[in-house]
Structure formats: C-alpha cells, structure tokens
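Colleague: What follows is a structure written as structure tokens; I'll ask about it next.
Read-outs: derived from the displayed coordinates by stated rules, not from any lab. What you are looking at is a predicted structure, and each value in this text was computed from that prediction instead of being measured. Here the Cβ positions follow ideal geometry from the backbone for every residue, glycine too, while neighbour counts run over all protein chains shown.
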Amino acid sequence: QARAIADRLAMTSRFHPAMRVEAELYGDAILTPWPERLVKAGALPSIKGVPGLEPRGALWSEIDFGGVKLNVLNTHLGLVPREQRLQAAALTSREWLGACEGPTILTGDFNATSITRPYQALTRKLADAQRVLGNKPTVKTFPSGFPAIRIDHFFISPQVRPTRVHAPFSPLDRMASDHLPLILDFELV
C-alpha cells in the first residue's frame, strides 16, 4: 500500500512490516519526493506472554534536502502503557535517537498523550513541535470523526523550526483512517 501511494504521488517509499495478517503487511512507512537513504528499520520491544499485543517497529530514513541531511523516524507504539515505556526507551537509546546526528524528526502514532511517561521520555530527547509553537488548543487527531485526543506527535531536534502543525478535516481525511493526518510545516536552521 505504501508503494502504491508513493507511486501515485511520484515519491519514493520505505516500508517496515511489523506484522502480517494473512496476505496483508502492517507497519511503518516513510514517503518522500527527496533523495533518501534507509538508515535503520527494526522491531521495538514487546511484553512477552501478553495475548493480543501486536508487534511494533520503527523506520529511520535520512532525507537529503539539497545537501542538508534530515533524519526522519516513523513509528507506531503499542496500546499498553508498560509496552509503550519499553518502546520509548528503545527509541531514545543509542541505537535510534542516540545515533541521530543533525536535524531530526520523530513522528507517528504514539498512543500516548502528553501526560504519559512514554511521551515525557521522548520529550527529554526531542521537543514536541506543538509545544514549541505554543499551539493552544493543540491539534488533536483521534478519533478522526471527532478528534478529541492528541496521541499523534512530531518530536523535533533544535535544528528543525516548526512553522505550523495542522490536521486536515475533509470528508476524505475523516474516512481514510481512524486518525486524521497530522502535518508539520518546518524550516531547517
């Protein structure tokens, strides 16, 4: 699906499948019109022996904006707080964010609001783009039909200056997913 969308948009895509259900693959994707290089794709930790938990992963591409390299990481954390804490710890480790040099954006569905420990762990490493902008009220994306919760985030390094965070709300946007798309406009400094 990521490749089909990228083809329609004349972009390249990276996809990391976290799980398979019959013939379908589910995971994380990064689409870009800019030259990119895969840095890392891998599984995130899970809690063993708990039924119903889905495997989770993360994807890291380095995107070349006219000679400036931007690290873009995309993920989808689990639903259980203990699992989310393990996954946030993995993302902030030297294997993921700790290895990033230069401008960095971490984005995705974190299933975590700003009062949770996983969110707070991530903001010790990167800044929440909406907080940097001082968005009041914050842009919420879930559920798409009546967005009341902010669990999708952009976390940014100091070299990324956010200029706007917004969520389109057209009928198609509300129908395409249970989350609205979240868009970050930014400048590299």
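Colleague: What number of residues in region 132-184 are under 15 Å from the mean Cα position of the chain (by Cα) and under 24 Å from residue 68 (Cα atoms)?
Modeller: Of the residues in that region, 9 qualify.
Colleague: Among the listed residues 59, 38, 31, 73, which satisfies the condition of being part of a strand (DSSP E or B), touching a residue at least 12 places away in the same chain (Cβ under 8 Å), within 17 Å of the chain's Cα centre (by Cα) and over 25 Å from residue 151 (Cβ atoms)? Give the derivation first.
Modeller: Values: 59 fails: over 25 Å from residue 151 (Cβ atoms); 31 fails: over 25 Å from residue 151 (Cβ atoms); 73 fails: over 25 Å from residue 151 (Cβ atoms).
Checking each option against the conditions leaves just 38.
Colleague: Here is a list: 133, 182. Which entry is touching a Pro at 6+ places or on another chain (Cβ under 7 Å) and more than 21 Å from residue 45 (Cα to Cα)?
Modeller: Exactly one of 133, 182 is touching a Pro at 6+ places or on another chain (Cβ under 7 Å) and more than 21 Å from residue 45 (Cα to Cα), namely 133.
Colleague: Moving on. Quick one: count up the residues across region 11-28 that are touching a Pro at 6+ places or on another chain (Cβ under 7 Å) and part of a loop (DSSP other than H, G, I, E, B).
Modeller: 1
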